[in-house]
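The structure appears right after this line, and notes come after that.
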There are 2 protein chains.
Amino acid sequence: MYRSHTCGELTASHINTEVTLAGWVQKTRDKGFMIWVDVRDRYGITQLIFDEKRTDTSVFEKAKTLGREFVIQVKGTVIERESKNPNMPTGEIEILVSELNILNEAMLPPFTIEDETDGGEDIRMKYRYLDIRRNPVKNNLLFRHKVSMEVRKYLSDKGFCDIETPYLIKSTPEGARDFVVPSRMNEGQFYALPQSPQTFKQLLMVGGMDKYFQIVKCFRDEDLRADRQPEFTQIDCEMAFVEQEDILDMFEGLTRHLLKEIKGIEVDKFPRITYDYAMKTYGNDKPDIRFEMKFGELNAVAQHKDFGVFNSAELVVGIAAPGCASYTRKEIDALIEWVKRPQIGASGMVYVKCEEDGSFKSSVDKFYDQEDLKKWAEATQAKAGDLILVLSGNADKTRTQLSALRMEVATRLGLRKSDEFAPLWVVDFPLLEWDEESGRYHAMHHPFTSPKPEDIELIETHPGKVRANAYDMVLNGNEIGGGSIRIHDRALQSRMFDLLGFSKEEAQAQFGFLMNAFEFGAPPHGGLAFGLDRLVSILGGQETIRDFIAFPKNNSGRDVMIDAPSKIDTKQLEELHIKLK
Amino acid sequence: MYRSHTCGELTASHINTEVTLAGWVQKTRDKGFMIWVDVRDRYGITQLIFDEKRTDTSVFEKAKTLGREFVIQVKGTVIERESKNPNMPTGEIEILVSELNILNEAMLPPFTIEDETDGGEDIRMKYRYLDIRRNPVKNNLLFRHKVSMEVRKYLSDKGFCDIETPYLIKSTPEGARDFVVPSRMNEGQFYALPQSPQTFKQLLMVGGMDKYFQIVKCFRDEDLRADRQPEFTQIDCEMAFVEQEDILDMFEGLTRHLLKEIKGIEVDKFPRITYDYAMKTYGNDKPDIRFEMKFGELNAVAQHKDFGVFNSAELVVGIAAPGCASYTRKEIDALIEWVKRPQIGASGMVYVKCEEDGSFKSSVDKFYDQEDLKKWAEATQAKAGDLILVLSGNADKTRTQLSALRMEVATRLGLRKSDEFAPLWVVDFPLLEWDEESGRYHAMHHPFTSPKPEDIELIETHPGKVRANAYDMVLNGNEIGGGSIRIHDRALQSRMFDLLGFSKEEAQAQFGFLMNAFEFGAPPHGGLAFGLDRLVSILGGQETIRDFIAFPKNNSGRDVMIDAPSKIDTKQLEELHIKLK
């Protein structure tokens, strides 16, 4: 046994106990006649003391050689500390060391192993194993473990069966780009890594396993934006003999369970809003509802006056920034500059201060009187003390701009609190979205999503108006999960593939196995997948998923620690029947 | 809600309840005026009754159209059955149906969806989703889920942290062949899929996460033998600040927990035998100890007589087949034929019947007297009534042959009972094994395995004699888990790579990240990985792992259901900077 206790558990109740500890040297303080060493492991830090008078000379001398991050094992007696530290669990005691073994020496680490480190992102990625020693990263990994365990427990208790689906599957042209794997045994052929186990979970439903889940890695070979990883983890779920309502209930239950068990927070029944409402009210389909600032459309009250900018706009729309009527000219100018940045792209911004005395002061006072502005305040639900911010222009673009401004203002006001959780469902997504580039409709969710029965008649005539039985769970401005009721009828699935521009042959070649399966008694079914990386980071109150992944890749898809990807042997290429271009 | 109850839960206590059920038509019996339909879901089968007198005509007519595997939803009243079936949980009741919805029709399935099916292996693989509807396959998947959950629960309760390691890693020439993934963003470079998360779990130990586990897919691009899959699942574990003893204790505890929770079986402390003992006593390193038949070496008592075959043999070795002295000449000849088959390759077999009266009757009576044979009986621990079977020749080959014979005899005697579990540890494996083909030593476990400290001095002089701190857990003749204490010292790791024929440059290029990590304070550590597919199949009392995998591949590595691997677009190849040869 290398240790009798961990470095996080000894307290005053252990005084006079003989103990053995092992861990890393966090720091040493050498006073000449007395040496203190903090030894650290996963569980905490314990102070060791080497005393010239009480410690064997050879042990004392050895203690002098200890450097940061040396791995040591010590035996000694728990004694009461002279100067206690009430801020740490082991702060009442220290170990008077009688035996010291250096288990491994350590070079000076390239950054400090402290909660606040001096290491930049790149160096910490390269030495990720050292970064994991730091509390912030270590605690994130432990937190992720806890979330995963709770998810599994909840779903298993509800009768879900964890079923592993294959990783070496078939490449499909639909959706994002696949990672592929050349087959040695099947010359000229390739496996693909799954973007999700979508078709397999549907086949499990056809197979009668009516409640399935899996925490599973998925892969997308897309150009990496900040905080996107080529491999990511899904909590993948599917149920048979259910309607949308059953699924929303089940997974709302799961999320409520997590918030309660992990964060100790009870939340009310999740609000449900339609996609159309979300777009009109928040300008996007994953609204952050920790705060209000709902959009107020102003066309009716702001147009047909003398202000040409608004008159020529497709949409005039505003939000009421709470308590911001007191903003200085400088603060307002900063917001105007912000919306005019190329990333946002607004041409300007109109504002109205709702003064405490009930009067209004705006940047367009020469076009609008107090009565006009009062109507604006009503439309944006502005109260005395609020600042109304108004954008105008093309409807879609303006909503997107105002949505960004809404988030920015909320951030500046400190309304995006990481310890506050406001989940909701967004439902009734469109089935299809028009893709300008390819000049055809794409599935908004995926080609297996069921249209709403009452909209099926619009499929050929007004495809863009067909709503889907599709839903997203949104938490604090992030889509954390999404899913749909699936098509379980071969004819309808076939019609969908037609609509998406597949020829009969392509559809059969790519998804024939699924459509065939539908002919052998497919039950009604649907499901949902959560993005675990994102879910964990939001629950953990942080922004970047990378901090919750043990070994993440950088924005070029590289693992800089192990230096992958890398070149492979010519022999390997030959065996795989491929060559480099 | 599609159903108020499942098809497995209604009993006499529900009589007169109005229920809604959904499921698949298992079978129909149409008596003209009365139609019985068995409806099946994951949970069981419930009998429906349509009665010309009591059922609405339109419903009755619809019931006539039902075919096997149609998906239906019914509403009706639970009534007492006239002819009860005590063999099924729902056998006391039936449902008098008032409403019938056909949710989906079904073509006639290509094989019967019954516990005993008429479908061959190939057709069942192709329509795996139909095979999963059958109880034997469905129950295996539910069983696997239960085992996985128990494993996670046990390890989590013991403080292990489930940490996901990456799937897109770096190819290494050591060990089995990698599956590789061409990188689009890094031209000419490839990721590899992990054969195991070995180096990552070691880096987690360097990172201070002293107890790690993960249930994780691993990949090996090897020619497939029966019952080997290109992707397989490991329960992967690692601990820091431990010695071999700590690891054996921990995972013996896990296995004991599984046997108790899953099978209701309490097992004693696992026997521990050395690799050398296993080879000498059972002729292989994964002995089935559900039965005895230990090897008895007979050189001392069988050589230097007049029997030339034995005199010229390197090894003469026998086993005592219990109670087989009564075997007829024909039965013994069958065994002799069996060992002479090319797969076994023995040139012959000598036998000795240990008669009930204490006398011996052998096939070599003209060379050996009763006193000689008594010594054979002592060496093989044969009792009256046993049949001693003796092989001879080259030591290694003969042991392998006798090991196969031992298993064959045990099978014939019914000693390999699937509901009996005899786990053990095999320890002290050799560090290295000589590879004739490459003319060099290979790591028997892997290059990170620690030699026993007392054997380190033999590394350069007698590499073949160095024992490793490596261990296998064996259950019923199968290696279900294996692991080792790892090297945590850069210099020793470097020496190992030398020994394995790596140049300094190769070692640095392939494993530099790990050796570098060892310089920053690596703790002593070690671990173990279980093969989950195998573990589950043995606990399930079955032979083939394929029956415990939802979507297995065939012996050519193909998924015949989805038809993968397959060709991919030229455009995809171009983006990946590769072309076909």
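The values are calculated or read from the model by the stated rules, or taken from the named source; none is laboratory data. Quick caveat: nothing in here was measured; it's all calculated off a predicted structure. Positions of Cβ are backbone-derived with ideal geometry, glycine not excepted, and every protein chain shown enters the neighbour counts. Calculation scope for accessible area: heavy atoms of the full protein, side chains included, ligands and nucleic acids excluded. Shrake-Rupley method; radii C 1.70, N 1.55, O 1.52, S 1.80 Å.
Across the copies of the chain, A:Q381 has label points (7 Å from Cα along Cα→Cβ) spaced 8.1 nm apart, shortest distance listed first. Across identical copies of the chain, A:E575 has label-point separations of 2.8 nm, listed in ascending order, with the point defined 7 angstrom from Cα along Cα→Cβ.
When the helices in chain A are scored as -39500 (n - 2.57) per DSSP H run of 4 or longer and the sum is shared across all residues, what 222 nm value do you end up with, to the nearest 500 deg cm²/dmol?
On the way: 16 runs with 165 residues, N = 581.
Value at 222 nm, helices only: -8500 deg cm²/dmol.
Counting 0.36 nm for each residue step from B:E575 to B:A509 and taking away their Cα separation leaves a gain of 21.1 nm. Per the Debye formula on identical point scatterers at the alpha carbon atoms of segment B:423-526, with no solvent, log10 I(q)/I(0) at q = 0.11, 0.15, 0.19, 0.24 Å⁻¹ is -0.35, -0.65, -0.98, -1.32. On a per residue basis, chain A carries 41 Å² of accessible surface, using protein heavy atoms and a 1.4 Å probe. Inter-chain neighbour count for B:198-210: the average number of beta-carbon atoms from partner chains within 10 Å of each residue's beta-carbon is 6.
In segment B:21-78, what chymotrypsin sites (Phe, Trp or Tyr not before Pro) fall in a loop by DSSP, with at most 16 other Cβ atoms inside 10 Å? If you can, show how the numbers build up before the last one.
Values: sites: B:W24, B:F33, B:W36, B:Y43, B:F50, B:F60, B:F70; in loops: B:F33, B:Y43, B:F70.
Passing both the DSSP loop test and the Cβ count: B:F33.
Mean per-residue shielding of peptide B:213-220 is 2, counting Cβ atoms of other chains within 10 Å of each Cβ.
Using every pair of separate Cα atoms, the Kirkwood estimate puts the hydrodynamic radius of segment B:1-114 at 13.9 angstrom. For segment A:193-263 and segment B:379-457, what is the separation of their Cα centres, given in Å? What the calculation gives is 45 Å, centre to centre. Proximity of backbone amide H atoms, modeled 1.01 Å from N, is registered between A:N104 and A:V71 at under 5 Å, excluding neighbours fewer than 5 places apart on the same chain.
Go ahead and collect, in residue order, the members of segment A:76-120 whose backbone nitrogen is under 15 Å from a label point 7 Å along the Cα-Cβ direction of A:K64. No residues fall inside that zone. For the set B:Y191, A:Y441, solvent exposure ranked by accessible area (probe 1.4 Å, protein chains only) runs largest to smallest as A:Y441, B:Y191. Between A:N311 and A:L142, residue separation times 0.36 nm minus the direct Cα-Cα distance comes to 55.2 nm.
Taking 27 Å as the straight-line reach from the Cα of A:K305, the lysines in range (excluding those fewer than 8 positions away in the same chain) are A:K280, A:K294, A:K340, A:K353, A:K361, A:K366, A:K374, A:K375, A:K383, A:K397.
Residue order by solvent-accessible surface for B:K31, A:K217, B:K340 is B:K31, B:K340, A:K217, largest first, with ligands and nucleic acids left out and a 1.4 Å probe. Each peptide in A:474-487, B:98-111, A:245-258 was scored by the mean count of other Cβ atoms within 10 Å over its residues; highest first, the order is A:474-487, A:245-258, B:98-111. Here the peptides B:401-412, B:233-244, B:10-21 are ranked by packing, the mean other Cβ count within 10 Å, and the order with the highest first is B:233-244, B:401-412, B:10-21. Using θ = phi - 60° in the Karplus curve 6.51 cos²θ - 1.76 cosθ + 1.60, the 3J(HN,Hα) couplings for segment A:196-208 round to 5, x, 3, 5, 5, 5, 5, 5, 5, 5, 4, x, x Hz; x is entered for Gly and Pro. Here, P(r) means the percent of Cα pairs in each 20 Å bin from 0 to the largest distance; for the protein assembly as shown it is 10, 32, 34, 19, 4, 1, 0. Each copy carries a label point for A:D249 at 7 Å from Cα along the beta-carbon vector; from one copy to the others these points are 4.9 nm apart, nearest first. What is the calculated FRET efficiency for A:N135 to A:I262, with r their C-beta to C-beta distance and R₀ = 22 Å, to the nearest 0.05? The pair A:N135/A:I262 has a calculated efficiency of 0.75. Put simply, the amide H of A:A192, placed in the peptide plane, has neighbours under 5 Å in A:I169, A:K170, A:S171, A:V181, leaving out anything fewer than 5 places away on its chain. Could you pull out which residues in segment A:197-232 have an amide N less than 20 Å from a spot 7 Å beyond the Cα of B:T544, following the Cα-Cβ vector? Within reach of a label on B:T544: A:207. Put simply, chain A fits an ellipsoid with semi-axes of 51, 38, 23 Å; these come from the alpha carbon gyration tensor as the roots of five times its eigenvalues, largest first.
Each residue of segment B:338-347 was assigned a 3J(HN,Hα) from its phi angle through the Karplus curve 6.51 cos²θ - 1.76 cosθ + 1.60 (θ = phi - 60°); the sequence is 4, 6, 8, 4, x, 4, 9, x, 6, 8 Hz, with glycine and proline shown as x.
Rounded to whole numbers, the Karplus 3J(HN,Hα) couplings from phi for segment B:257-269 are 4, 5, 4, 6, 6, 8, 10, x, 10, 9, 10, 6, 3 Hz, using 6.51 cos²θ - 1.76 cosθ + 1.60 with θ = phi - 60°, and x at Gly and Pro. Per-residue shielding of A:156-166, expressed as the average number of other chain Cβ atoms within 10 Å of the residue Cβ, stands at 6.
Based on the alpha-carbon gyration tensor of segment A:131-190 and its eigenvalue square roots a ≥ b ≥ c, which shape applies: rounded if a/c is under 1.5, prolate if not and a/b is larger than b/c, or oblate?
On the way: a/c = 3.03, a/b = 1.63, b/c = 1.86.
Oblate shape, in that a/c is at least 1.5 and b/c is the bigger or equal ratio.
Length available on full extension from A:E52 to A:A300: 0.36 nm per residue minus the Cα-Cα distance, which gives 80.7 nm. The count of lysine pairs in segment A:12-104 whose Cα atoms are under 19 Å apart, excluding pairs fewer than 8 places apart on the same chain, comes to 13.
Can you check what the net charge comes to around A:V78, using other residues whose Cβ is under 13 Å from the Cβ of A:V78 (Lys, Arg +1; Asp, Glu -1)? Residues near A:V78 contribute -3 overall. Residues whose amide H comes within less than 5 Å of that of A:S362, counting only those at least five positions distant or on another chain, are A:K353 (H built at 1.01 Å from N in the peptide plane).
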